[in-house]
Every structure is written in structure tokens, then in C-alpha cells.
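The values are calculated or read from the model by the stated rules, or taken from the named source; none is laboratory data. Everything numeric in this text was worked out from a predicted model, so none of it was measured. As a convention, Cβ positions derive from the backbone with ideal geometry for all residues, glycine included, and neighbour counts pool all protein chains shown.
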Amino acid sequence: MALNRRFYAQFAGDFSRTRRSWPPGFSRILPHLQQAANVADVGCGNGRLLAFLADAGWRGEYCGVDSSEALLAIAAGQSAATAGITSRFLRAELTTCDSHQPPPWAGSLGRERWDAVTLLAVLHHIPGADVRGRLLAVCADLLQPGGILIISTWQFLGASRLNTRILPWERVGLRLKDVEPGDYLLPWGENAAGQRYCAAIDEEALRKLAEPAGLMPLACFFSDGYEKNLNLYGLFQKMSREENHRDTEDTEPF
């Protein structure tokens, strides 16, 4: 996390300039967001989703959460152009997710339950499978019963132009024994000026993270990038307690 915090502190402006437009996958998740009166954008970055929603004519309540002060400042600056949307922003460390109680930031979003929560291009930057699972559980708790959680994860291993640039962990003073299987160090910018932690999360791993949180998969698809499969999108619906209990009862033990 310290590695990624340094990256966004140093390169927030340059990074944001590469994220001004929205990827094709956003158009495919739009129908699910248009039905939502309110959206919590967890890991909102420079507010790209907010700009997309405003351009698409969505109107409602939006809250963006991110750990980067610099990216939040950029997001807040462009929110003035989103007429008809009530928006606010919150700085928070998303990894502060205790397994026994909700993190402070979850109670500061302005409402207890949301119609839709998004985790776009976030989960693969969260180190530790256990921490990722807890973050998904927190996001599930934020949802109304029947609410939608939309996730996208970077599929960098499937793009040769990216996976051939993977750096050794020794570049940042770590070794393989210090990280989990599927953890990688990716460069950014000329001469790998920046480095970020990234986890490889495929569809199976995403479903395994979502299931314990009471999230029912609705759809998974690939989109974006030159290859048109650079991101994996997962759409999950929060089941009610009754549905979750009934599903557990109907499941035979292994």
C-alpha cells in the first residue's frame, strides 16, 4: 500500500490525464447504474465515473471515496459541471477493513444503504486476498437488498504489451516470499518512473471473493483496451437475508 500511495502522490496529475475519457465497458454497466438513485464510487480516482454518468444524463446522489488527496481534488474540481447530481467526496484508506466491524469511512458516506456501489479498477491494487475479501464484504454491507456491486479488474497478464514489462520485486526492495501468488509489480511511464502493486484477479477469483459476502453473480464480461479484453467486469447483486438463508439451505455439503 505504501508503494501505491507513493505512486499516486507523485503521478496523480499525469495519471489523471490518461483517464479523461471512459472505456467502452462503462456503456455496458450504464443500464444497471441508470436504475440507481444513488451510487457510492469506492476508489473513485479522478471522478471519471461521475463525469460519465453526468454525460449519460444520470441524475441522483453520488459519493466518491479514494485514498489519494490529489485525485480527489481533481474529481471535486470537475464535479461543478455535473448539474442535477448531488456529489460529495471522502478521503479514506480502503484497506482499513476490520473483519468484525465496519471501517469508519463506511459510516461517513452520507447514507446507510446504497442502490449501487462500484469498485472500478481498484481491487487489483489492494494487497492481500483476505483484505480484498473484507473490502468486498464492506461494499456488500453498503448495499440495499437487491442492490448492485460493479467491479472491474485489470487483466494485464493477458496483454503481452503489459506482461512483458513486469518488474522483479527486488526493484522495490521486496522478494517473492514477501508477496502472495498472483502479486506483480507493474511499471508506469517512461523508464518505469513509477511502480504499482497489482494482483491478477480472474473471474474465478472474483466469484470466490464475492460469494462469502452474500453477493449473487449477475454477469461477467471482458472489455476495454486495444485487445478489447483488458478489463474484467463483474456485476453482483446483494441477496436479502431470506434469499441468502434459503440458498444456504438448498446447498448440499461437499
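Looking only at region 210-239, count how many residues are over 16 Å from the mean Cα position of the chain (by Cα), in a strand (DSSP E or B) and buried (at least 19 other Cβ atoms within 10 Å of the Cβ).
1
Sort out which residues of region 163-190 are in a helix (DSSP H, G or I) and more than 26 Å from Cys220 (Cβ to Cβ), and write them in order of number.
Scanning region 163-190 gives Trp169, Glu170, Arg171, Val172, Leu176, Lys177, Asp178, Glu190.
Can you pull out every residue in region 1-14 that is closer than 17 Å to Arg48 by Cβ and either of a type outside the set (Phe, Trp, Tyr) or at pLDDT 95 or above (or both)?
Listed by number, the residues that qualify are Ala12, Gly13, Asp14.
Return the only residue of Arg17, Arg28 being surrounded by fewer than 17 Cβ atoms within 10 Å (Cβ to Cβ), under 23 Å from Tyr226 (Cα atoms) and at pLDDT below 85.
Criteria check complete, one pass: Arg17.
Anything in region 138-149 that is touching a Ser or Thr at 6+ places or on another chain (Cβ under 8 Å) and surrounded by fewer than 23 Cβ atoms within 10 Å (Cβ to Cβ)? List them, or say none.
Scanning region 138-149 gives Pro145, Gly146.
Can you pull out the residues in region 112-139 that are in contact with a Gly (Cβ under 8 Å, 6 or more places away or on another chain), among the hydrophobic types (A, V, I, L, M, F, W, C) and part of a loop (DSSP other than H, G, I, E, B)?
If the condition is that a residue be in contact with a Gly (Cβ under 8 Å, 6 or more places away or on another chain), among the hydrophobic types (A, V, I, L, M, F, W, C) and part of a loop (DSSP other than H, G, I, E, B), then Ala121, Val122 are the ones that fit.
Could you grab me the full set of residues in region 47-99 that are surrounded by 15 or more Cβ atoms within 10 Å (Cβ to Cβ) and of a type in the set (S, T, N, Q)?
Ser67, Ser68, Gln78, Ser79, Thr82, Ser87, Thr95, Thr96
So which pairs qualify, if the first residue must be in region 11-37 and without any contact (Cβ under 8 Å) to a residue 24 or more places away in the chain, the second must be assigned to a loop (DSSP other than H, G, I, E, B) and not polar (S, T, N, Q), the Cβ gap must be under 9 Å, and the two must be at least 6 apart or on different chains?
Pairs found: Ser27/Ala56.
For region 176-211, give me each residue that is of a type in the set (Gly, Ala, Ser), at negative phi and modelled with pLDDT of 90 or more.
Those that are of a type in the set (Gly, Ala, Ser), at negative phi and modelled with pLDDT of 90 or more: Ala199, Ala200, Ala205, Ala210.
Taking only region 152-162 into account, find how many residues are surrounded by 14 or more Cβ atoms within 10 Å (Cβ to Cβ), outside any strand (DSSP E or B) and of a type outside the set (A, V, I, L, M, F, W, C).
So the answer is 2.
To keep it simple, each residue is scored yes or no on (1) under 30 Å from Ala193 (Cβ atoms); (2) touching a Pro at 6+ places or on another chain (Cβ under 6 Å); (3) without any contact (Cβ under 8 Å) to a residue 24 or more places away in the chain.
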{"residue": "Arg111", "(1), (2), (3)": "no, no, no"}
{"residue": "Ala129", "(1), (2), (3)": "yes, no, no"}
{"residue": "Leu143", "(1), (2), (3)": "no, no, no"}
{"residue": "Ile148", "(1), (2), (3)": "no, no, no"}
{"residue": "Ser152", "(1), (2), (3)": "yes, no, no"}
{"residue": "Ser160", "(1), (2), (3)": "yes, no, yes"}
{"residue": "Trp169", "(1), (2), (3)": "yes, no, yes"}
{"residue": "Asp178", "(1), (2), (3)": "yes, no, yes"}
{"residue": "Pro181", "(1), (2), (3)": "yes, no, yes"}
